[in-house]
Amino acid sequence: MLSYGAALLEAIEQEMERDQSVFVMGQGVDDQKGQYGSTLGLHKKFGAARNFDTPIAEDAMTGIAVGAALAGMRPVHVHQRMDFLMLCMNQLVNMAAKYSYMSAGQVSVPMVVRASIGRSWGQGPQHSQAPYPFFMHVPGLKVLAPTTPHDAKGSLIAAIRDDTPVLIVEHRLLYGNQGIVPATEFEIEFGKARILRKGSHVTLVGVSYTVVDCLRAASMLASCGIDAEVIDLLSLAPLDSAAVLESAARTGRLVVVDNSWVTCGAGAELLARLQESPLGEHVRAKRLGYAPVTCPTTRPLEDIFYPSPRSVAVEAMKLCGRDPADLGELAVAREIEEFKGPF
Amino acid sequence: MKCGEIDIRRAYHLLRTIRRSEEKIIEIYSLDVIKSPVHLSIGQEHLAVGACMALDDNDVLFSNYRGHAHYLARGGSLKAFWAELYGKSNGHARGKAGSMHLVDMEVNFMPASAIVASAIPNAVGYALACKMRNEERIVVCFHGDGAADEGVFWESLNFAALKKLPILFICENNGYAIYSTQRQRMAGGSISEKAERFGIPASFHECPGTQQVWKLVSEAADGIRNGNGPQLLEMTTYRWFDHVGTDDDHDLGFRDIALRTGARNRDDVVKLAALLSPADVMAIDERVEAELAAAIAYAETGEFPGSDELMGHDYV
Ligand SMILES: Cc1ncc(C[n+]2csc(CCOP(=O)(O)OP(=O)(O)O)c2C)c(N)n1
Ligand SMILES: [Mg+2]
């Protein structure tokens, strides 16, 4: 068993061991906390040049990672919050994503960008966002959102070995989760979602931490006799709509729970693809995600800002023609209650 | 270090190639065979020629959308350049790039960017890679005065200085970002004065000619190759034509025609020709015309990319 953070550390250690061109950079990667343990001690093991702290200059540092990648290195650029990626948009969208196409494949940009996202404990308007849909929009970028420790390791290794710029979105409430992780190196497959729970009545699709919401919703639904299938999208770009459509074809009901705002989200894209498919008229579908407003800091508002196991289960009940009042009590989200900062 | 003097014949050949290519662009632009923007270097070519001739083959260049002179001075393929302008599949990027995104990896000329200042950190990142791998080579990053308006320029300079990276910044200061003067946009002293505050050698040069640029870049490259960290050379120059396109913009009233007359009077194409024998000049001119004609014929006879080419070269 390894935690999500430890799985990321194991992945990067194995890759740095294997390939001299792999290195890590980012604010605080060589500090005493090492980004939730995921970069802990790399500079001691591999030298300060291969795991270094950066100036607080996200724009240039992203460009520097791009340039190192153009030169054949494989940088992993770590960000403590995905909100900070707004300062990297130019380099990611205009540069990293474009170099290969505008040189007709003469260069590539094998870089990885890791960014924490996260809810709870008062992250507020500017430390809680997960704007992965911005990046899903852009050809030339790949986006992964691993939920399990297993997939965290497989995602990081796959991202490092890929010649494309890959963005990995990591939810802060997941870093402490334990799971079974193979000790050997392995890669997840881009464009492949995971079915985490088989079911026949309704398909629940989550992104990163909302997968946990979906799994909890599935238990709540089970006590009402509803058998939910739960899909972890994992690969957001390329997006495995085939897996979702295949599942929805069996269940006839689909709930997609974004880990961001609903508008133009993964749910919007999946429902559009569903509508364009012959299944369109046979599947009832619903999108969930953040409330369409800025994220509040205070707990009572924060609680209703995010989707929850209950809100997911309620929508599933409605799609199944059942009364949501029949839903039982919700198991407490331990990781949300236990999280006490300090930031 | 490059010793002695610059090879004037070669410099003249390059200058003449760039000048004649761009004159040809002006001549045919109204025919609309080049269906995309061009940013002419005429008047500034000698900076590119002096600099590129001072570099080693394995040094790496980063340019920008005003890149014709950089690309050709570096020895980028003239044929692929012309075919690319025509949008043909025998162009250097199969027509997918055009004038603003010149690239020739054979001569380590990295794909150029049309987002002001955005390739500057990429150049610094390349230099970081060179340093991590203990390579001998250096990176040269051309940029305009306008690029120094951008925060990313200063962030990049800071990191290059902090890590003592093997990179030479060459600021081609033509005094304008489109029609806006440097003084309209920038407070304080010159770009090189500010750069010097990062603790790196940075110097200002008023309209240096080809030979002087060659000397400056040779010396700077030498210091950088010896592991002394980055340097910046700010050189003033003058763009004769409009910011983009092939018009003369002196009638717009934002700059005095006398400036252009001054710039034309110190034209390096003429100056270098005067250092060669008339026979040499004639031979080089003839050679350039022949090479240009061949390149344009190559572009004209090339095929446009087929519709099957739309989707290639991207990842997803
Ligand atoms: C980020 C960005 N902002 C604005 C523009 C529009 N633009 C194109 S060229 C240019 C002027 C740049 O001036 P300078 O760096 O001095 O280069 P020059 O054109 O004089 O060679 C501007 C503002 C752009 N391409 N990219
Ligand atoms: Mg300028």
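The values are calculated or read from the model by the stated rules, or taken from the named source; none is laboratory data. All values reported here derive from a predicted model rather than from experimental measurement. Quick reminder, even Gly has a Cβ in these numbers, built from the backbone with ideal geometry, and neighbours come from all protein chains shown. Surface areas here come from the heavy atoms of the whole protein model, side chains and all, with no ligands, DNA or RNA. Shrake-Rupley method; radii C 1.70, N 1.55, O 1.52, S 1.80 Å.
Summary table
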read-out: Out of B:A83, B:A119, B:A48, B:A112, sole residue that is of a type outside the set (V, I, T) and more than 25 Å from B:Y176 (Cα to Cα); value: B:A83
read-out: Count of residues meeting criterion [more than 20 Å from the chain's Cα centre (by Cα) and open to solvent by 50 Å² or more (accessible area, probe 1.4 Å)] in segment A:1-40; value: 9
read-out: Wholly enclosed helices (runs of 4 or more DSSP H) of segment B:225-309 bearing at least 2 residues open to solvent by less than 70 Å² (accessible area, probe 1.4 Å) and within 16 Å of ligand 2 (Cβ to nearest atom); value: B:257-265
read-out: Residue check, B:H92 open to solvent by 10 Å² or more (accessible area, probe 1.4 Å), within 7 Å of chain A (Cβ to nearest Cβ) and of a type outside the set (A, V, I, L, M); value: no
read-out: Members of segment B:166-186 found to be part of a strand (DSSP E or B) and out of contact with any Pro (no Cβ under 6 Å at 6 or more places or on another chain), listed by number; value: B:L168, B:F169, B:I170, B:C171, B:E172, B:N173, B:Y176, B:A177, B:S180, B:T181
read-out: Enumeration of residues in segment A:84-110 that are aromatic (F, W, Y) and more than 13 Å from chain B (Cβ to nearest Cβ); value: A:F84
read-out: Enumeration of residues in segment B:98-119 that are within 7 Å of chain A (Cβ to nearest Cβ) and among the hydrophobic types (A, V, I, L, M, F, W, C); value: B:V103, B:M105, B:M110, B:I115
read-out: Qualifying residue in segment B:80-100 (condition: within 16 Å of ligand 1 (Cβ to nearest atom), assigned to a loop (DSSP other than H, G, I, E, B), within 15 Å of B:R66 (Cα to Cα) and touching a His at 6+ places or on another chain (Cβ under 6 Å)); value: no
read-out: Residue selected from segment B:181-206 under the condition within 11 Å of ligand 1 (Cβ to nearest atom) and open to solvent by less than 30 Å² (accessible area, probe 1.4 Å), by the criterion nearest to B:G227 (Cα to Cα); value: B:I191
read-out: Any hit, segment A:286-294, residues being among the basic types (K, R) and part of a helix (DSSP H, G or I); value: no
read-out: Complete set of residues in segment B:28-45 that are more than 16 Å from ligand 2 (Cβ to nearest atom) and in a helix (DSSP H, G or I); value: B:I28, B:Y29
read-out: Residues being in contact with a helix residue (DSSP H, G or I) (Cβ under 6 Å, 6 or more places away or on another chain) and outside any loop (DSSP other than H, G, I, E, B) - total across segment B:110-122; value: 4
read-out: In segment B:1-27, the residues that are open to solvent by 20 Å² or more (accessible area, probe 1.4 Å) and assigned to a helix (DSSP H, G or I); value: B:I8, B:R9, B:R10, B:H13, B:R16, B:R20, B:E23, B:K24, B:I26, B:E27
read-out: Failed condition for A:T62, given (1) of a type outside the set (D, E, K, R); (2) at the interface with chain B (Cβ under 7 Å from one of its Cβ atoms); (3) open to solvent by less than 10 Å² (accessible area, probe 1.4 Å); value: (2)
read-out: Selected residue [in contact (Cβ under 8 Å) with a residue 24 or more places away in the chain and among the polar types (S, T, N, Q)] from A:N94, A:N90; value: A:N90
read-out: Candidate set from segment B:135-145 (those that are more than 11 Å from ligand 2 (Cβ to nearest atom), surrounded by 24 or more Cβ atoms within 10 Å (Cβ to Cβ) and more than 9 Å from every other protein chain (Cβ to nearest Cβ)); member that is farthest from B:A195 (Cα to Cα); value: B:I138
read-out: Matching residues in segment A:97-141 - criterion: being over 30 Å from A:F339 (Cα atoms), part of a loop (DSSP other than H, G, I, E, B) and not small (G, A, S); value: A:K98, A:Q106, A:V107, A:V109, A:P110, A:M111, A:H137, A:V138, A:P139, A:L141
read-out: Residue within segment B:121-132 that is within 12 Å of chain A (Cβ to nearest Cβ) and more than 18 Å from B:A160 (Cβ to Cβ) present; value: no
read-out: From A:V212, A:V169, A:V257, residue being among the aliphatic types (A, V, I, L, M) and in a helix (DSSP H, G or I); value: A:V212
read-out: Scope segment B:150-179; condition buried (at least 16 other Cβ atoms within 10 Å of the Cβ), within 16 Å of ligand 1 (Cβ to nearest atom) and away from chain A (no Cβ under 14 Å); matching residues; value: B:I170, B:C171, B:E172, B:N173, B:N174, B:G175, B:Y176, B:A177
read-out: Checking B:R74 against (1) basic (K, R); (2) within 12 Å of chain A (Cβ to nearest Cβ); (3) surrounded by 22 or more Cβ atoms within 10 Å (Cβ to Cβ), the condition it does not meet; value: (2)
read-out: Selection status of B:E45, open to solvent by less than 30 Å² (accessible area, probe 1.4 Å) and charged (D, E, K, R); value: yes
read-out: One residue from B:A187, B:A148, B:A161 being free of Cβ contacts under 8 Å to residues at least 40 places away in the same chain and either away from ligand 2 (no atom under 16 Å from the Cβ) or closer than 25 Å to B:L252 by Cβ (or both); value: B:A187
read-out: Selected residue (criterion: farthest from ligand 2 (Cβ to nearest atom)) from residues of segment B:207-217 that are surrounded by fewer than 18 Cβ atoms within 10 Å (Cβ to Cβ) and assigned to a loop (DSSP other than H, G, I, E, B); value: B:G209
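Matching residues to (1) open to solvent by 10 Å² or more (accessible area, probe 1.4 Å); (2) within 14 Å of chain B (Cβ to nearest Cβ); (3) in contact with a His (Cβ under 9 Å, 6 or more places away or on another chain); (4) more than 27 Å from A:T297 (Cβ to Cβ):
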{"residue": "A:L70", "(1), (2), (3), (4)": "yes, yes, no, yes"}
{"residue": "A:M82", "(1), (2), (3), (4)": "no, no, no, no"}
{"residue": "A:V112", "(1), (2), (3), (4)": "no, yes, yes, yes"}
{"residue": "A:S128", "(1), (2), (3), (4)": "no, no, no, no"}
{"residue": "A:L144", "(1), (2), (3), (4)": "no, yes, no, yes"}
{"residue": "A:I157", "(1), (2), (3), (4)": "no, no, no, yes"}
{"residue": "A:R161", "(1), (2), (3), (4)": "yes, yes, no, yes"}
{"residue": "A:E170", "(1), (2), (3), (4)": "no, no, no, no"}
